[in-house]
Structure formats: C-alpha cells, structure tokens
Amino acid sequence: MCSRDREKAALPYLQAVLDWREKYYRKGHYLTNMTRLRIGEALTLDGRAAEAVPLLQEVLVDSTHVLGEQHPHTLDILRILAEAELALGKPQQAEADFRLVLQRANKMAANNNRLTWARYGLGRALLAQGKTYEARPFLIAAQHDFSRYFGPHYSVA
C-alpha cells in the first residue's frame, strides 16, 4: 500500500475520532484540535492540500488561543500548514511559516524532532525557490538528525 493509499484509508477513522471528540469535548479542545491537525496532515499527504489549508488555519487559531504560539502542538500545526502551502506551490509562504516555527521554538531542546522536520521543510521550501546555497545547511542538519534518530540508512524519500 503506497503512502497516499494509507492516508486516504486513514481519513474515515480520523473523522470518526473527530466526531466523537467534538461530541464529548468541544470544537476548540486540545484533543479535538490534534485530531483536526491529523486530518489536515492526511489531506495534504493525499494530495488534497487545498482542502487542508483552511482547516489547518482554523486549527492554528484555536490552538494559539488555547495553548499559546510557542506550545509544541501549536508549532506542529504551523509546520503542517507550511507543508500544505509547499504542496500547493507556495514556497515563499511555506518558508515564512517554517522560519516562524523555528523562531518560536526557541525554548525547545535543539534536538527536538519537531525542529528537525521544520528544518527539513524549510530546506525544501528554499530549494523550491532556487535558493540552493541557503537550503543546504538546513537539509544537512535534518539529514544528520534523521540519521541519529532513526539510523544511518533512514531516508525521507
């Protein structure tokens, strides 16, 4: 099963969890927002980033209000939003959002996996704009961290 098939298969389950969480918690609750984030991520990975962006923007506002802009989960939402923007061919907006994640994450440990994914995304956003030299240190740092966390043969490709 390819990645897109997995994402497409996950969406009905994520929707069922979301329906349950909205019923027993509320729309802006932390757990509800995390489920909405995962739906946005699955939509993006399924090639439906145009559907994901408005959802992720709404979830980002909710999470910022509830948890604050520096909370790790809020930063995850912003990072996935940047991934959706990159998938839509908006590398300048994605770059700005990836940079914002890295800027706001200044209280996180430098080896936090969230930062690795943000550096990887920023490197890809820069490459999409032809900024190869500027992208290189972000991609090298991400590759180093991915190898350290997941083994020397790990690849995100």
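Listing for the model above:
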read-out	value
Those helices (runs of 4 or more DSSP H) lying entirely in segment 1-72 with at least 3 residues of a type in the set (A, V, I, L, M, F, W, C), closer than 26 Å to Leu115 by Cβ and touching a Ser or Thr at 6+ places or on another chain (Cβ under 8 Å)	49-67
Residue in segment 29-40 that is without any contact (Cβ under 8 Å) to a residue 40 or more places away in the chain, surrounded by 20 or more Cβ atoms within 10 Å (Cβ to Cβ) and touching a Phe, Trp or Tyr at 6+ places or on another chain (Cβ under 8 Å) present	yes
Pick from segment 130-157, criterion surrounded by 14 or more Cβ atoms within 10 Å (Cβ to Cβ) and within 23 Å of Leu88 (Cα to Cα), ranking: modelled with the lowest pLDDT	Ala142
Restricting segment 104-129 to residues that are at pLDDT below 95 and of a type in the set (S, T, N, Q), the residue that is farthest from Ser147 (Cα to Cα)	Asn106
Qualifying positions in segment 73-84 - of a type outside the set (S, T, N, Q) and closer than 21 Å to Asn112 by Cβ	His73, Leu75, Asp76, Ile77, Leu78, Arg79, Ile80, Leu81, Ala82, Glu83
Condition broken by Val59, with the remaining ones in (1) surrounded by fewer than 16 Cβ atoms within 10 Å (Cβ to Cβ); (2) over 18 Å from Gly89 (Cα atoms); (3) in contact with a Leu (Cβ under 7 Å, 6 or more places away or on another chain); (4) not hydroxyl-bearing (Ser, Thr, Tyr) satisfied	(1)
Test result for Arg99, under 30 Å from Thr132 (Cα atoms), in a helix (DSSP H, G or I) and touching a Gly at 6+ places or on another chain (Cβ under 7 Å)	no
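The values are calculated or read from the model by the stated rules, or taken from the named source; none is laboratory data. Keep in mind that what you see is a predicted model, and the values were worked out from it rather than measured. Every residue, glycine as well, gets a Cβ built from its backbone with ideal geometry; the counts of neighbours run over all protein chains shown.
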